[in-house]
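To keep things clear, I will list the structure first and then write my remarks on it.
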Amino acid sequence: MLRLLKSPLILVALFCVVMTCYTLGFLDASFAIYLDQFKLSAVVIGILFMILSALYAISSPLFGWLSDKGIVYPYMIIGCIVTSVALLLLGPSPLLPFLHAEIWLIVISLIMLGPAVGAALIPALKCLYTGARHMGFQDGLDLDGLVTGLLNSAIHFGFFLGPTIGSPVVQEYGFEWSATLNASFTLLAAILMIAYVIVEKTCLHYDDDKNPSDVKTDTTFLTDAPDGHTTDTSPLDGE
């Protein structure tokens, strides 16, 4: 598994996942408390939470389908950028002094945030597989286990960091600055993904259209068997 972490694409994709899940964990822990200032009923607060979750659930199959059809980098980049903008509006951020906390602005932010989270999270799985193939791993159950393990670790690490870091920041500096800090993290994820795409297109020249099973890499070795035939061994067998 450690060999997978040598892939810059995998590292960037995992960072995007962690920061996106950090956003969700942060909102789970502090958003309801922030809404107390509006004196809303429990039903209205539940509806506000439902907006984000419902739009994420609706958009996820779409981004999964789009990821299977083409390049995934633009979706993750746009998803992280829109997430940043939505978080800046959600507070709203002190960096936007011309905006004030209003319910309609919160609703718009949540409407933006739902599909944006889907765009940033769902294509990450394909990025992990692509990065693994770039490292010479072959498709199979072993690779499936490694990739899904990494993805789930990143997701739960992000949900752990959200309340762990976000809540103390909210208590010390307020929800607005905490959301702004969160927005800077997701914007950084978008910048890192853009930087990776530029490097890949100008320096690495990976051929993602080629079938990975047709690519000969140094991770599959031919060894002489006792009967004179050759057998394939893969580093995955020992991991």
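The values are calculated or read from the model by the stated rules, or taken from the named source; none is laboratory data. Fair warning: this is a prediction, and the values are worked out from it, not measured in the lab. Virtual Cβ from ideal backbone geometry, glycine too; neighbours counted across all protein chains shown. The protein model used for the area step is the full one, side chains on, heavy atoms only, and it has no ligands, DNA or RNA in it. Shrake-Rupley method; radii C 1.70, N 1.55, O 1.52, S 1.80 Å.
Of all residues in the stretch 160-175 being buried (at least 17 other Cβ atoms within 10 Å of the Cβ) and either small (Gly, Ala, Ser) or touching an Asp or Glu at 6+ places or on another chain (Cβ under 6 Å) (or both), which is modelled with the lowest pLDDT?
166
Inside the stretch 64-81, residues that are open to solvent by less than 20 Å² (accessible area, probe 1.4 Å) and closer than 16 Å to residue 18 by Cα make up a count of 3.
In the stretch 39-83, what residues are of a type in the set (Gly, Ala, Ser) and more than 17 Å from the chain's Cα centre (by Cα)?
41, 42, 46, 54, 70
Yes/no per residue for (1) of a type outside the set (A, V, I, L, M, F, W, C); (2) farther than 23 Å from residue 174 by Cβ:
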site: 10; (1), (2): no, yes
site: 18; (1), (2): no, yes
site: 28; (1), (2): yes, no
site: 31; (1), (2): no, no
site: 38; (1), (2): no, no
site: 41; (1), (2): yes, yes
site: 47; (1), (2): no, yes
site: 52; (1), (2): no, no
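Residue 137 falls short on exactly one of the conditions (1) assigned to a helix (DSSP H, G or I); (2) under 27 Å from residue 8 (Cβ atoms); (3) touching a residue at least 40 places away in the same chain (Cβ under 8 Å), and that condition is (1).
The residues of the stretch 67-113 that are of a type in the set (Gly, Ala, Ser) and part of a helix (DSSP H, G or I), listed by number, are 67, 79, 84, 86, 109.
Being of a type in the set (A, V, I, L, M), open to solvent by 60 Å² or more (accessible area, probe 1.4 Å) and under 14 Å from residue 91 (Cβ atoms) is the filter here; which residues of the stretch 33-47 pass it? Passing the criteria: only 33.
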